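The values are calculated or read from the model by the stated rules, or taken from the named source; none is laboratory data. What you see is a predicted model; the values in this text were computed from it and never measured. All Cβ positions, even for glycine, are placed from backbone atoms using ideal geometry, and neighbour counts span all protein chains on display. The protein model used for the area step is the full one, side chains on, heavy atoms only, and it has no ligands, DNA or RNA in it. Shrake-Rupley method; radii C 1.70, N 1.55, O 1.52, S 1.80 Å.
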Amino acid sequence: MYDYMKALHARFCKEPELQKVRAEMERTYREIKARLGQQDQETLLQLADLENELREEASLTSFIAGFRLGMGIAGELEPYCFEDEDERRATERAKMRCPQVKI
């Protein structure tokens, strides 16, 4: 089921295109890379990877929770029937016209 939810998440939760943010990230990355030593750069990249992994997991968890909520709500709704609604209205109208007659 987890794989199915991941597939649904990928299908319906498209990340918006953030060209300006990506360009700013690239510029900042190059600036940090120029200032940090090799070991510090690797540590920073590990931190960024962990942050991305955490965001993906949180996004998927949120999607699953919303999906479950939606399925729960859908399961609680009664199917709507036009014929039943017409009959109910007709019965109410008949009661209004002739309140002494039991329908």
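Note on segment 24-89: dipole from Cβ charges, positive end direction compared against Q38, L54, F67; the farthest Cα belongs to Q38.
Dipole size of segment 18-70 about its Cα centre, with +1 on Lys/Arg Cβ and -1 on Asp/Glu Cβ: approximately 280 debye, rounded to the nearest 20.
So for E56, E24, what's the accessible-area order with a 1.4 Å probe, most first?
Ranked from most to least accessible, the order is E56, E24.
You can think of it this way: the chain between L8 and L77 has 22.5 nm of extra reach, that is 0.36 nm per residue less the Cα-Cα gap.
Cα-based radius of gyration for the chain, normalised by 2.2 N^0.38 Å, reads 2.22. For the chain, the solvent-accessible area works out to 94 Å² per residue, with a probe of 1.4 Å and every protein chain left in place. Think of each Lys and Arg Cβ as +1 and each Asp and Glu Cβ as -1; about the Cα centre, that makes the dipole of the chain roughly 500 debye. Legend: residues M5, M96, sorted from most to least accessible area (1.4 Å probe; ligands, DNA and RNA excluded), read M96, M5.
Summarised as an ellipsoid, segment 48-91 has semi-axes of 45, 7, 5 Å, derived from the eigenvalues of the Cα gyration tensor scaled by 5 and square-rooted, with the largest first.
With helices as the sole contributors, the chain gives -28000 deg cm²/dmol at 222 nm; each DSSP H run of n ≥ 4 counts as -39500 (n - 2.57), and the sum is divided by every residue.
When a 1.4 Å probe is rolled over the protein heavy atoms, the share of accessible surface on segment 24-100 that falls to carbon and sulfur comes to 56 percent. Just to be sure I understand: with springs between alpha-carbon atoms less than 10 Å apart, which residue in R68, R27, R93 has the highest mean-square fluctuation in the Gaussian network model of the chain? Taking springs between Cα atoms under 10 Å, the residue moving most is R93.
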